[in-house]
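Below is one structure, written out as structure tokens, with a few remarks after it.
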Amino acid sequence: MASVKQLKKDLNNDIGDLIEDVYIWELSNPDADLSRSEKLIEDSINAFDDIIIKINAVSGEKIKSQFKVIEKDKKQVLSDLHKKAEKL
């Protein structure tokens, strides 16, 4: 792991890209039911907030192992969100 700053920046970029993809989908499908896509955007923002809280809560001993767990959680959450986006 490079740094906390880089981890936060990567998370922001990943979630931002996903939200941008959902907005593009919404613009491409104006007649579609947008409630699912809006829910996905809300879930993405909540996931971002949750991971940032975990990052900010890291302290004490075994910092590297704590960040490894956060990185694993981040990958899983992003994978789940991308699967939901594919189902739109």
Within the range 1-36, the count of residues that are loosely packed, with under 15 Cβ neighbours inside 10 Å, in a helix (DSSP H, G or I), aliphatic (A, V, I, L, M) and within 19 Å of the chain's Cα centre (by Cα) comes to 2
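Given the condition in contact with a Gly (Cβ under 9 Å, 6 or more places away or on another chain) and without any contact (Cβ under 8 Å) to a residue 40 or more places away in the chain, answer yes or no: does some residue in the range 62-82 qualify? Outline the logic, then answer.
Going through the range 62-82, the residues in contact with a Gly (Cβ under 9 Å, 6 or more places away or on another chain) turn out to be 66.
Filter again for without any contact (Cβ under 8 Å) to a residue 40 or more places away in the chain, leaving 66.
Checked against the condition, which is being in contact with a Gly (Cβ under 9 Å, 6 or more places away or on another chain) and without any contact (Cβ under 8 Å) to a residue 40 or more places away in the chain, the range 62-82 yields at least one hit.
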Restricting the range 42-70 to residues that are within 15 Å of Ile19 (Cβ to Cβ) and among the polar types (S, T, N, Q), the one farthest from the chain's Cα centre (by Cα) turns out to be Asn46
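A short reminder: the numbers here are calculations on the coordinates, not readings from a lab. Just so it is clear, the structure is predicted and the values come from calculations on it, not from any experiment. Neighbour counts are summed over all protein chains in view; Cβ atoms, including those assigned to glycine, are modelled from backbone coordinates with ideal geometry.
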